[in-house]
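Please treat every number below as a calculation from the coordinates, not as lab data. Keep in mind that this is a model prediction, so the values were computed, not measured. So basically every Cβ, Gly included, is an ideal-geometry build from the backbone, and we count neighbours across all protein chains shown.
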Amino acid sequence: MRGGKHVARQTAGARSPVFKQRISARKLPRPESRAGDAASEQVRCAGNAARQPLARESLPVTIGRVTAVDDSPSLPHLAARDPEVAALLRREQTRQSSTLTLIASENHTTPAVREACSSVLTDKYAEGYPGRRYYGGCEVADEVELLAQDRAKRLFGVEHANVQPHSGTTANLAVLEALAGSGGRILGMALADGGHLTHGHKVSATGKLFEAHQYGIDAETGLLDYDRIRERAKEVRPAVLIVGASSYPRVIDFAAFAEIAHEVDAKLMADIAHPAGLVAGGVFPSPVGHADVVTMTTHKTLRGPRGGMILCGADLAKKIDSGVFPGGQGGPLMHQIAAKAAAFGDALQDGFKDYASQVVANAQRLAAGLIERGLRIVTGGTDSHMVVIDLRDREVTGHDVEERCFAAGLVVNKNAVPGDPRPPRVTSGVRVGTAAVTTRGMREAQMDQLAALIADVVDGKDPSGLRGVVGELCAAHPLP
Ligand SMILES: Cc1ncc(COP(=O)(O)O)c(C=O)c1O
């Protein structure tokens with residue numbers, strides 16, 4: 001029950017008792033011995049690699065005028081056993097390193113996170129939860145999951161974390177099933193206005209299994225209009241009000257949403273899939289203390305492996321856990337959970353705050369550079385990692401710009417803008433994100449270059465002529 005635990009019933013600024021205060025010591029202990037182990041492990045691996053026959057081609061990769069070193073992984077076992085798959089993985093490595101990922105929902109993981117993803121834990125079945133498994137041999141899996149939970153709880157300052165969701169979609173489904181029940185009424189932001197499919201769109205299971213209603217944004221300003229959302233909530237009276245978006249560049253007033261949810265006696269689910277890393281890094285408002293449940297993906301700004309996570313207070317823990325398993329999933333992906341633990345460990349380090357604030361600084365600089373070149377930006381700027389370019393005053397469509405950017409080596413995605421007159425496969429917008437290029441070490445100076453490149457593409461410059469500059473940027477900023 002949420003009675004008395006909702007932030008709207010708290011004194012101003014007070015945290016809901018549902019959530020613990022943020023832990024002040026955000027640093028994880030880093031035992032010296034572990035660093036030593038890692039170093040000797042590296043030496044061992046290097047030794048093994050040296051003994052393996054070199055199956056990889058060491059051909060240089062040509063990117064426009066620039067010739068980059070082929071940094072594709074050696075994959076000795078896969079190359080020997082299945083050269084076809086190995087070749088595809090090498091091609092993907094080359095694709096990523098020789099282009100710039102500006103997809104707002106993507107990032108580059110650390111080699112440490114990727115090692116955990118490809119670990120032997122992929123072999124382990126661990127249905128259930130730590131200490132309550134349906135399989136034997138889960139003693140290590142238990143410790144891994146408890147470590148991931150503990151780090152998540154410290155990172156976001158909450159009482160309970162479920163780290164098992166395979167994705168953001170299964171996390172949202174589990175929460176909606178747990179809080180609204182089959183056929184229950186939900187209210188979320190419309191996909192066309194920046195929301196996500198899983199917030200009740202008719203093609204998603206959330207639009208089929210629940211009685212789904214939608215709210216939008218102000219078509220003029222591109223901003224959330226809290227008074228209109230309140231009116232809509234009073235009309236609909238949902239069991240669950242969903243806040244969060246896939247394409248909304250500004251901060252969200254989670255306290256205002258909590259008040260609305262309280263007024264209509266709804267639970268508030270905050271989906272922070274996009275800004276999760278910015279929240280963890282302290283540069284974007286946290287819904288913790290306002291929402292009853294928080295969901296997220298771990299692979300966007302949080303820079304972890306592909307996956308989802310759910311946070312809540314102790315009072316909802318059992319309901320949420322049952323919603324995930326057995327409600328919506330079977331065995332957890334233990335290798336991904338190990339990788340989540342590793343990513344949360346990184347995010348607990350002070351350096352992650354610098355990363356998160358650079359992501360936002362980069363997005364703001366990119367937006368300013370695009371505006372300087374005469375482009376319209378939805379809401380006039382950004383408070384986050386994403387910038388949405390509004391092409392409604394141009395001949396060129398979102399689809400055109402996506403294709404031309406691709407030819408220049410810039411990977412972006414077309415995106416509907418508020419009040420978009422063009423269909424979803426065409427759109428009048430482009431969404432650009434800075435999480436991945438910031439991971440590659442890019443800063444404001446490179447954002448100026450990127451703004452010029454994107455503006456050149458929109459202005460109709462031959463994209464193949466821009467490939468060389470993109471190649472130089474890639475070569476100077478290698479993948480982690
Ligand atoms: C707001 C939001 N929620 C949920 C999801 C779904 O995540 P996944 O693709 O991991 O299912 C996304 C994915 O982009 C998202 O943007």
On each of the three principal axes of the Cα atoms of segment 120-347, give max minus min coordinate, whole Å, ordered largest first. 55, 36, 30
Taking the chain as the region of interest, what is the percent of Cα-Cα pairs per 10 angstrom bin, listed from the shortest bin to the one with the maximum distance? 4, 19, 28, 27, 16, 5, 0
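So, with +1 on the Cβ of K and R and -1 on the Cβ of D and E, and no other charges, what is the size of the charge dipole of segment 351-476 about its Cα centre, to the nearest 20 debye?
Once rounded to the nearest 20, the dipole reads 240 debye.
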Pop a pseudo-label 7 angstrom from the Cα along the beta-carbon direction at both Ala80 and Asp218 and give the gap in nm to one decimal. 6.5 nm
Using a 7 Å offset from the Cα along the Cα-to-Cβ direction at both Arg373 and Ser118, what is the distance between the two label points in nm, to one decimal? 3.6 nm
Read phi for every residue in segment 248-259 and hand back ³J(HN,Hα) as whole Hz from Karplus 6.51 cos²θ - 1.76 cosθ + 1.60, θ = phi - 60°, with x for Gly and Pro. 9, x, 9, 5, 10, 8, 5, 5, 5, 5, 5, 4
For every other residue with a beta carbon closer than 14 angstrom to the beta carbon of His274, add +1 if it is Lys or Arg and -1 if Asp or Glu, then tell me the sum. +1
Which of the pairs Lys124/Lys414; Lys202/Lys234; Lys124/Lys300; Lys319/Lys414 have their Cα atoms more than 32 Å apart in this structure? Lys124/Lys414; Lys319/Lys414
Cross-link candidates for Lys461: which aspartates and glutamates have Cα within less than 15 Å, leaving aside residues fewer than 8 places away along the same chain? Glu395, Asp400, Glu402, Glu403
What list do you get for Asp393, Asp150 if you sort them by fewest beta carbons within 10 Å? Asp393, Asp150
Here, Val203 and Val426, labelled 7 Å along Cα→Cβ, have an inter-label distance in nm of 1.7 nm
Sort Arg132, Arg373, Arg151 by Cβ crowding within 10 Å, fewest neighbours at the top. Arg132, Arg373, Arg151
Please report the antiparallel percentage of the DSSP beta bridges confined to the chain, to the nearest 5. 60 percent
Straight-distance crosslink candidates among aspartates and glutamates, where the alpha carbon sits under 12 Å from Lys267 and sequence neighbours closer than 8 are dropped: Glu259, Asp292
Dimensionless Rg ratio for segment 351-476, taking C-alpha atoms and the 2.2 N^0.38 Å reference: 1.00
